[in-house]
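The values are calculated or read from the model by the stated rules, or taken from the named source; none is laboratory data. This structure is a prediction, so every number in the text was calculated from the model and none was measured. Glycine gets a Cβ as well: all are built from the backbone with ideal geometry, and neighbour counts include every protein chain shown. Calculation scope for accessible area: heavy atoms of the full protein, side chains included, ligands and nucleic acids excluded. Shrake-Rupley method; radii C 1.70, N 1.55, O 1.52, S 1.80 Å.
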Amino acid sequence: AKIGKNVKIGPYCVIGSEVKISDNVELISHVVIAGSTEVDEGTIFFPFSSIGQMPQDKKYKGENSKLIIGKNNIFREYTTANPGTEGGGMVTKIGDNCLFMANSHIAHDCIVGNNVILANSVALAGHVELEDFVIIGGLSAVHQFVKIGKHAMIGGMSGVEKDVIPYGIVFGERAYLNGINITGLKRRGIDKSNINEIRSAYDKIFGSEREGTFDERLKKVSEEYPDNELIIYLLEFLQREGSRSFCQPK
């Protein structure tokens, strides 16, 4: 193993021979970091975290896949994060400044952005992608290959089996779209005029003002807000190819 400067390793921790840990990382106690795992600066692992162990995927045949963890993350008690597989690009990647609360799980081949929060007992299936500032409430589960856009919020005890638009709020046993994450956007410093335009665009695509086909609605919004980068990003997300459809309002 390669261990950086000022790393604190508490009692009963196990670190595998291929692990690389950067400076100022802390393993409080009873932490296992295995496999080809890289941990960047300032990350903290609480007791009984299990990081980099073999993926929970029967198709995994021992390929030397990776788990890459960014800076200043917090992994609370009993969190798990698995490396990638040959079927998913060979890497699971976690960004910076994330909080993974107790019992949360990040499966093989997930891509997790920056400033993401998983509350207690959130489970990400394989190949899930979370963009920056996503928040997922406790006891929620995300189906494999689902993509969740920036600043989206998932309510607690939700089952997310479809993609979630940027800035959206979804919740429910079979999660459905329930508007825009206004509070989250305000906390991120998005100004009022931008938020109002996002809300208007949402209404034209999904809400009370929608008219015509889905493609026609996207075209209308793109013509109405050609200079709003946040809305341009939303439209790009909605036009991506993927294996899942989108969460829709009831």
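Suppose the filter is out of contact with any helix residue (DSSP H, G or I) (no Cβ under 7 Å at 6 or more places or on another chain) and either surrounded by fewer than 17 Cβ atoms within 10 Å (Cβ to Cβ) or farther than 22 Å from GLY95 by Cα (or both); does GLU209 pass it? Spelling it out, it is not the case that GLU209 is out of contact with any helix residue (DSSP H, G or I) (no Cβ under 7 Å at 6 or more places or on another chain) and either surrounded by fewer than 17 Cβ atoms within 10 Å (Cβ to Cβ) or farther than 22 Å from GLY95 by Cα (or both).
Would you check which residues across the range 87-133 are within 23 Å of VAL25 (Cβ to Cβ), of a type in the set (A, V, I, L, M, F, W, C) and not in a loop (DSSP other than H, G, I, E, B) and list them? Passing the criteria: VAL91, ILE94, LEU99, PHE100, ILE106, ILE111, VAL112, ILE117, LEU118, LEU124, LEU130.
Results for (1) without any contact (Cβ under 8 Å) to a residue 24 or more places away in the chain; (2) under 23 Å from the mean Cα position of the chain (by Cα), shown as yes or no for each residue.
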{"site": "LYS2", "(1), (2)": "yes, no"}
{"site": "VAL7", "(1), (2)": "yes, no"}
{"site": "SER17", "(1), (2)": "yes, no"}
{"site": "ILE21", "(1), (2)": "yes, yes"}
{"site": "VAL25", "(1), (2)": "yes, yes"}
{"site": "GLY35", "(1), (2)": "no, yes"}
{"site": "GLU41", "(1), (2)": "no, yes"}
{"site": "GLY52", "(1), (2)": "no, yes"}
{"site": "PRO55", "(1), (2)": "no, yes"}
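Among the residues making up the range 51-62, those that are within 20 Å of SER17 (Cα to Cα) and open to solvent by less than 30 Å² (accessible area, probe 1.4 Å) are ILE51, GLY52, PRO55.
Considering each residue of the range 133-146 in turn, at least one proves to be farther than 13 Å from LEU118 by Cβ and surrounded by 22 or more Cβ atoms within 10 Å (Cβ to Cβ). Scanning the range 87-114 for residues that are at positive phi, at pLDDT 95 or above, of a type outside the set (A, V, I, L, M, F, W, C) and open to solvent by 20 Å² or more (accessible area, probe 1.4 Å) yields ASN97, ASN103.
Listed by first and then second residue, the pairs with beta-carbon distance under 6 Å, at least 6 apart or on different chains, first residue in the range 149-175 and within 18 Å of PHE206 (Cα to Cα) and among the β-branched types (Val, Ile, Thr), second modelled with pLDDT of 95 or more and open to solvent by 40 Å² or more (accessible area, probe 1.4 Å), are ILE169/MET153; ILE169/ASN178.
Every residue, every condition in (1) under 22 Å from the mean Cα position of the chain (by Cα); (2) charged (D, E, K, R); (3) part of a helix (DSSP H, G or I), yes or no:
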position	(1), (2), (3)
ASN178	yes, no, no
GLY189	yes, no, no
SER193	no, no, yes
LYS204	no, yes, yes
GLU211	no, yes, no
LYS219	no, yes, yes
GLU223	no, yes, yes
ASP227	no, yes, no
